[in-house]
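Contents: one structure, followed by commentary.
The values are calculated or read from the model by the stated rules, or taken from the named source; none is laboratory data. Please read all numbers here as calculations on a predicted model, not as lab measurements. For neighbour counting, all protein chains shown are included, and Cβ atoms are generated from backbone atoms with ideal geometry for every residue, glycine included. Note: areas computed on protein heavy atoms with side chains; ligands, DNA, RNA excluded. Shrake-Rupley method; radii C 1.70, N 1.55, O 1.52, S 1.80 Å.
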Amino acid sequence: MELPVLTVKGLIILAIFGITLLIATYSTYAERKVAAFLQDRLGPNRAGPWGLLQPIADAGKMFFKEDFIPSQASKWLFILGPCLAMLTALMSSAVIPFGDSVRFIWDKVNYEVAIQGIEINIGVLYIFGVVSLGVYGVMVGGWASNNKFSLLGAIRAASQNISYEIALGLSLITILMMTGSLSLRAIIDEQATFFEWNIFTQPLGFVIFLTCSFAECNRTPFDLPECETELVGGYHTEYSSMKLGFYLFSEYINMFVSSAFISCLYFGGFHYPFINEVNQALENSLGAVAGHNVATLIGVVVMFSKIFFFIFFFMWVRWTLPRFRYDQLMNLGWKTFIPLSILNVVLTGAGLLYNFKYATWLIAIVMIVMAVVSTARAPKPNIVPQRT
Amino acid sequence: MISEELDIAPKNVPGNDLPARNDNGPVQYVNELTTLNLGPTHPATHGIFQNILQMDGEKIVSSEQTIGYIHRAFEKIAERRPFYQITTLTDRMNYCSSPINNMGWHMTVEKLLGIDVPKRAQYIRVILMELARISDHLICNGILGVDAGAFTGFLYIYQERENIYDIYEEVCGARLTTNMGRIGGMERDLSPTAIRKIKELLVRFPKVLTEFENLFNRNRIFMDRVVNVGGISAERALSYGFTGPNLRAAGVDYDVRVMNPYSSYQDFEFDIPVGQSGDTYDRFMVRNGEMWQSLRIIEQALNNLPEGPYYADAPQYYLPPKQEVYKNMEALIYHFKIVMGEIDAPVGEVYHAVEGGNGELGFYLISDGGRTPYRLHFRRPCFIYYQAYPEMCKGLTLSDAIVIMSSMNVIAGELDA
Amino acid sequence: MTANDELRLSIDYQAMTEFISFFKTLTPTGYLFLILTIITLFSAIGVVTARNPIYSVLALIATFFCLSGHYILLNAQFLAAVNIIVYAGAIMVLFLFTIMFLNLRQDDEESKTNLTKMASVVVGGMLMVMLITIFRAKSAQVPTYSATAFNPKTGLVENLGNLLYNDYILPFELASVLFLVAMVGAVMLGKREAGDRHF
Amino acid sequence: MATDIKIVEGPASYEGPGFQATSFDKLIGLARANSLWPLPFATSCCGIEFMSTMASHYDLARFGSERPSFSPRQADMLLVAGTIAKKMGPIVKQVYLQMAEPRWVIAIGACASSGGIFDTYSVLQGIDRIIPVDVYVPGCPPRPEQILDGVMQVQELAKNESLRRRNTEEYTKLLNSYSIE
Amino acid sequence: MSATVSHNLKAMQLTNRSVQVSNKEMTMAEKMYLPAIIGGLAITIRHFFRKKPTIQYPEVKKYLGPIYRGHHILKRDEQGRERCTACGLCAVACPAEAISMVAAERQKGEEKLYREEKYAAVYEINMLRCIFCGLCEEACPKQAVYLRHDQMVPIFTERQDVIYGKDKLVEKMDDRYIRVANSEVKATPTEPSLTRAAT
Amino acid sequence: MLTNEEVAQTLIQQFGETVSDFDDPYDLLTFSTSRDHIVEVVQYLRDHPVYQVGFLTDVTAVHYPDSVGKEFCVVYHMHSLTNNFRIRIKVYLQADDVHIPTIIPLFAGANWMERETFDLFGISFDGHPDLRRILNMEEMDYHPMRKQYPLEDETREDKIDALFGR
């Protein structure tokens, strides 16, 4: 690689890293604001205008809070836990394509650099691998605390993550089958036209994937590892100061990465309807280089708005639904999602054989019909004795 | 917190000779069972009580309860206070529904003294008691949602509790510990503002409650959490002395308001919601149903609110108006006597029960004719039915134990007295 | 200074220059390889020597990581990813899970007797000798890197898939049947009788 | 929002063209003040009023302290709300000891502050007998407004406190008077 | 001995008013989670855009109602004389025993200060003991002690400050307390509308 | 509906001398029995086919330090849900011999009520499986609800007892 490419690449990587951190930081703020607004409250509004400095205040406080290591804890692992959580969380955004590419001319040579940390042809697997490592932070931290609640949280996290990884992977395989590539960029390019977005070809896969990513991020309704009302703080019960901050932070980074991943896999990444026309028009009016860059910028904005929507969706769900119980969670994962996603794989395969992309709608339609019929046939529930 | 570190809570009297920081609570396995200390400062023990759970993985094998963490000696204080001051104690017993306790106490004393309360006061009492029941059930069901992981529904209905507080404020001048009503009637009439606010509530609350029910009632995640969790048969429930919504959830339609109507409850038309098997879902649904019924009662009482005085014609027991105290020597004497507690209480013993937020709230009062009760015993429904908790959560998981606890609506103030 | 000494010095010097020049010949990849190897060896030794099983498992995970690094260096990206996903991400999590649950944290295992120690030394030593002999004997046959014959797509998914499903379809399917059998067996073993204690 | 709310002012600083210098202590104090995570130690009636404070109408979140940390390690202020019986006393102390510095204590309501109406053999006559209390909130129970006042008072304390308060001699002396090492 | 109640529980229908309210059978649609989840999301998102009931407390203060039981005040009469005659009824009526007072005889020349012949030389309320039940206000025959509806007791940082003496309790002449229960009641600064019978 | 007289008559017929002091203050049938017969009486009432007094409302005690030989009175409130009929049973005990058999085998809910009575009054319920203090601390060495013990905490600082006859 030549120097200019390396420089631009470096800049892009720095930008992605910075943006990841920034978004994670402000996700904490957004979480509090969204929660407040969903709950008819106002949320933080004293620290800075509209409370915008709230995350900074939190960080400032946490940095200077007493760093506490329980005397019975195993010290190194206790420190290693949050480090691992943060590390794995930060690693995963490396392969996500946030936009098309930047073109520039240097020394009269045309260059084109993709807006992506690293382009590897197994991007999906990379993310998968890193995500599967994410549980170590929680496990090690929870175990090292030497607290029963932490241990329970760690154990729950471990089993939950392993279980849901399977369904996650299986629902992803359908997309890989349709694309024939493990590269995220290829998957995105496959979805260039609006009705080929995978959400339209893989509705069931999307629902399973979404649910599983909730579970992988330990978000309600799957927040069993840290559920406050049962396990006090779960795996991070004994953590204080910035170590706790790392754990909380890594959760938000994971959420960001999951949202980005979902947007890439099912919502066409940086694509939007009529993208080709727009690109063409821009290149015609502004020239190949500038026009392309502007088009890329629009794509990046689109990508981020998709990501923000999913981050919002994560929060929206969190503040709406109750959480599962441990055994129900396992049943859902093993007895519902895995068979369903296998069925999904089979149907997709059959669809591919006959060149019919929308085969999985079959399951969805059957389910909807069944639901409607059963609701219609069910006796009217005699629940609420209405006031006269 | 880190409650496990309190496995063996320091037992000595608080003072300066406490053991120093005690961080060693290594995970101990006895026969592969884990001892998990739930409480006394666990976030899900509303108020303070401790459950030492023997866990096999996530399953509860057995549990042992410790209570008394906020024992405040109500019964002993009651022996030192004149009758009218005991109202302030009853406030703090089931603090989620203080007016019911207040009124129950007033009715007990009225029974002892033989005062007939005018119809208007009775209706006002009914309205306030039903408001209190609503606010009590709101807390219980909302918290059940919180403990199941859904915080938001709780905050939606909590706003209505805030509105009920507004009504209390208009009636008695306080929010939670109301000290509402007096022996012989009410301390003041319902003000027009109060009536307006109640009417507003009657319009607004059904919408909010419907919304809350839509959030929870038929949501499978919630139903899975609560259906067939912590069930208790009607037989066991009766043997354990269950009353109130928890007993009705088990299918027994015992309601003091219907069986022994007090304060004109016989005038109102309402149903008794019952459940099937006494599980958490039944308790939840029965409480929801009772809120609807309470609304019905309030509506009826408000529409048929009779005219007339709001206090009994019993000058020796009921404080005269302040103007009278100035002008009238007799009134002044009564005023002093009442405030000093020197009312001529007859010798006797009374048991009076009202349907509290949690069940039959009984007052067993023995008077020896003095200025204070000779003995006053509160039959606190919480205290009696909470002992069934180990039986109810045996064999279930930690998560179940927590929703069962919140669905039982154990209120520490009432539990420990 | 005797001649002997001088000789020894010169040898030392020679060895050192050789050593340094060896480093000079290394490409960045070579350095990466060296570093990875050293970490691999150390963490592998850590697996065996750590007294706390948790540390042992963590060291094993580090070893897997380094191995995946090696795979990447060999252009076998798919294998690297799968190694991490399957071994580090799932199997080791289960190991850790079990250890945590059994709480083997205290050094309460009875110390090994001298006999076992000796036996392990003997067995380990024999294994090492065997491996060394094999490498020495077959060293001629190890294919060496040749720029012309190198296909940059060798380790990639497509080729792997082609190999597995064309050339090695039978062993592949047999292996999957084996796994299925193992899984059924595990389920049978793990299935609890009625009235047995729960997880 | 239609109403003008008071946004926290920046710390006193020396401003010049292009730079703003302020004491680091002040800055961290400000951060702490706006991120006070409460540990609600709610035992009885006052706990219900604390719920009101957290709920929509009063919304403690506006001050950045809506995240209740039920683990004492993570909490910044201990809100003792409700009667503390003598049986409970050692546990309150234990929780206080488990909290990480800096920590503040608010005694909410008459019972926690002084025993209130319960002058009985079983009730601790004020938690300041076992742990140092920073703010007392009167009322039985206090209104949410008063609890908010208490929280704001702790914010003031946090703002004006030196970063190294826990290393000072006075603080050690205070803790020693409660026989806390 | 068995602990069961012997009588038949099917006969435990005690009244004819019971209504079965819980239905635990789920329809297929309910079993699929999604309808209820979507319904729940719809409810919460509707609240997202709703007007918030939050009171911005330090800036906006809620009107607490005309009879709210807040800060204590010792009223003066229209000529500015203290109304309290130190009869002690309030102290007797106080369930928390928070009020203490020392009575004194009014001296010649103090008629401008005290309305009655006896007055409270010391009148102290322990604000941390007080439970704001309003019984003192009700007990006072001279309408001297009131609980203000427009002001609450401030918070304390020192335990020494909590006992309020007359300096803090007695009404300031430039800040007379008026309680208006509702618009029909005539109230003057000196005769706040009465505790009872006013509404 | 059951009447007090009817039930009283039945009880006298069944138990003769061992039940006494029939009264109905505020329409609540009250009678006394001795501790040797309390279990019998309660069980009879519970299992009676018509009365079905199958609900134990409350168990508590009263301390009468001045009535010699009858210092303690254990009071049972029972309730027949089917007939909506309440009964109060009293058992008087001597100060130097405060033992009474437990009724936990009849009503599971009696457990804590008896523990509470033990805690506050020091009445021993023989046969109780777990007769420990329930509300107070284990270390407490007296039973606080007895009349001779003070209510107040002796360590308080901010109250003056001399005032107003306190």
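Helices of chain A meeting both criteria, an alpha-carbon length of 18 angstrom or more along the long axis and an average Kyte-Doolittle score not below 1.6, with helices taken as full DSSP H segments, are A:75-91, A:123-144, A:288-318, A:338-353, A:361-377. Counting only the Cα atoms, chain B fills a convex hull of 152 Å³ per residue.
Accessible surface for the protein assembly as shown, divided over its residues, is 39 Å² per residue with a 1.4 Å probe.
Shown here is the pair-distance distribution of the range A:322-374: with all Cα-Cα distances grouped in 5 Å bins from zero up to the longest one, the shares run 4, 19, 17, 18, 19, 14, 6, 3, 1 percent. Near the amide H of residue A:101, within less than 5 Å, lie the amide hydrogens of A:115, all on another chain or at least 5 residues away, with H placed in the peptide plane.
Mean per-residue shielding of peptide B:255-265 is 2, counting Cβ atoms of other chains within 10 Å of each Cβ. Cβ-Cβ distance of residue A:370 and residue E:163, R₀ of 51 Å, FRET efficiency by 1/(1 + (r/R0)^6): the value works out to about 0.10.
Could you sort the peptides D:52-60, C:118-126, F:47-55 by per-residue average Cβ neighbour count (10 Å cutoff), highest mean leading? Write out the running numbers ahead of the final one.
Details: D:52-60: 24.7, C:118-126: 10.7, F:47-55: 18.7.
Packing order, densest peptide first, comes out as D:52-60, F:47-55, C:118-126.
Ratio to report: Rg/Rh of the range F:4-147, with Cα atoms as the point set and Rh obtained by the Kirkwood method; give two decimals. Could the numbers behind the result be given before it?
Values: Rg = 15.1 Å, Rh = 15.6 Å.
When Rh is taken as the Kirkwood radius, the ratio is 0.97.
In Å², rounded to the nearest 100, what is the total accessible surface buried by chains A and E against each other with a 1.4 Å probe? Heavy-atom accessible area buried at this interface is about 2200 Å². Relative intensity of the range A:60-377 on a log10 scale, I(q)/I(0) at q = 0.11 Å⁻¹, equals -0.76, per a Debye sum over C-alpha point scatterers of equal strength in the absence of solvent. Since only A:270, A:14, A:365 are under comparison, the one whose Cα sits farthest along the positive direction of the charge dipole of chain A, derived from C-beta charges on Lys, Arg, Asp and Glu, is A:365.
Spatial offset of the range C:74-89 relative to the range B:257-303 amounts to 63 Å, using the alpha carbon center of each. All Cα-Cα distances of the range B:146-243, cut into 5 Å bins from zero to the largest, leave 3, 10, 14, 14, 12, 14, 14, 12, 6, 1 percent in each bin in turn.
Translational diffusion coefficient, Stokes-Einstein: compute it for the range B:57-162 using the Kirkwood radius over C-alpha pairs as Rh, at 20 °C and 1.002 mPa s, and state it as an integer in µm² s⁻¹.
129 µm²/s
Other protein chain C-beta atoms within 10 Å of residue C-beta, averaged over B:57-65: 3. For the protein assembly as shown, give me the percentage of DSSP beta bridges that are antiparallel, rounded to the nearest 5 percent. Counting DSSP beta bridges with both partners in the protein assembly as shown, the antiparallel share is about 75 percent.
Just the number, please: carbon plus sulfur as a percent of the accessible area of the protein assembly as shown, 1.4 Å probe, no ligands or DNA/RNA counted.
Exposed carbon and sulfur together represent 62 percent of the surface.
Please express the shape of the protein assembly as shown as an equivalent ellipsoid: the semi-axes are the square roots of 5 times the eigenvalues of the C-alpha gyration tensor, given largest first in whole angstrom.
Working: eigenvalues 862, 281, 223 Å².
Working through the eigenvalues yields semi-axes of 66, 37, 33 Å.
Global dimensions of the range D:25-84 from alpha-carbon coordinates: Rg and Dmax equal 12.2, 37 Å.
Note down the relative contact order for chain A as a percent, whole number, built from C-alpha pairs under 8 angstrom at least six residues apart.
On the way: 567 pairs, mean separation 83.6, N = 388.
Contact order relative to length: 22 percent.
Each part reduced to its alpha carbon centroid, the range A:209-269 and the range B:341-417 end up 43 Å apart.
Need one number for the range C:1-106: average projected area of the convex hull over its C-alpha atoms, nm². Convex hull of Cα atoms, orientation-averaged projection: 10.1 nm². Put simply, chains B and A cover up around 4000 Å² of each other's accessible surface, both sides summed, when a 1.4 Å probe is used. Using alpha carbons only, how many degrees (0 to 90, rounded to 10) separate the axis of helix F:4-15 from the longest principal axis of chain F? Relative to chain F, helix F:4-15 is tipped by roughly 80 degrees.
Show me the three semi-axes of the equivalent ellipsoid for the range E:72-169, from the C-alpha gyration tensor (sqrt of 5 times each eigenvalue), largest first, rounded to whole Å. Let's see the in-between values first.
Details: eigenvalues 103, 39, 35 Å².
The answer is 23, 14, 13 Å, longest axis first.
Put simply, the range A:1-154 fits an ellipsoid with semi-axes of 36, 24, 15 Å; these come from the alpha carbon gyration tensor as the roots of five times its eigenvalues, largest first.
What total accessible surface area, summed over both chains, is buried at the interface between chains A and D, computed with a 1.4 Å probe and given in Å² to the nearest 100? Write down the numbers at each step before the final one.
Working: alone 19650 and 10410 Å², together 27110 Å².
Heavy-atom accessible area buried at this interface is about 3000 Å².
Translational diffusion of the range A:235-303 was estimated from the Stokes-Einstein equation, with Rh taken as the Kirkwood radius over Cα pairs; at 4 °C and 1.567 mPa s the coefficient is 89 µm²/s.
Taking N as the residue count of the range A:1-88, its C-alpha radius of gyration divided by 2.2 N^0.38 Å amounts to 1.53. For chain B, the longest principal axis of the C-alpha atoms and the axis of helix B:119-147 are separated by about 10°.
For a protection proxy built on the mean count of beta-carbon atoms within 10 angstrom, sort A:300-310, E:142-152, A:351-361 highest first, please. Can you show the working numbers first?
Details: A:300-310: 18.8, E:142-152: 20.9, A:351-361: 14.7.
The packing order, highest mean first, is E:142-152, A:300-310, A:351-361.
Legend: translational diffusion of the range D:36-177 by Stokes-Einstein, Rh = Kirkwood radius over C-alpha pairs, 4 °C, 1.567 mPa s; D = 86 µm²/s.
Just counting partner chain Cβ atoms within 10 Å, what average do the residues of peptide E:155-165 show around their Cβ? Spell out each step's value before the answer.
Values: counts 19, 9, 9, 3, 9, 0, 1, 5, 1, 1, 0.
Mean shielding count: 5.
So, in Å, what gap is there between the alpha-carbon centers of the range F:83-100 and the range B:122-152? Using only Cα atoms, the two centres lie 37 Å from each other. Considering only B:151, B:238, B:185, and ranking their Cα positions along the charge dipole of the range B:132-248 that arises from unit charges at the beta-carbon of Lys, Arg, Asp and Glu, the one farthest toward the positive end is B:238. Under a model in which nothing but the beta-carbon of Lys, Arg (+1) and Asp, Glu (-1) is charged, the range F:62-159 shows a dipole of about 680 debye around its Cα centre.
Using C-alpha pairs below 8 Å separated by at least 6 residues, the relative contact order for chain B is 24 percent.
When you count, for each residue, the other Cβ atoms within 10 Å and take the mean per peptide, how do B:120-130, A:277-287 rank with the highest first? Before the final figure, lay out each step's value.
Working: B:120-130: 25.9, A:277-287: 13.8.
Descending packing order for the listed peptides: B:120-130, A:277-287.
Taking Cα centre as origin and charging only the Cβ of basic (Lys, Arg, +1) and acidic (Asp, Glu, -1) residues, the dipole magnitude of the protein assembly as shown rounds to 2500 debye. Remark: chain B carries a charge dipole of roughly 720 debye about the Cα centre, counting +1 on each Lys and Arg Cβ and -1 on each Asp and Glu Cβ.
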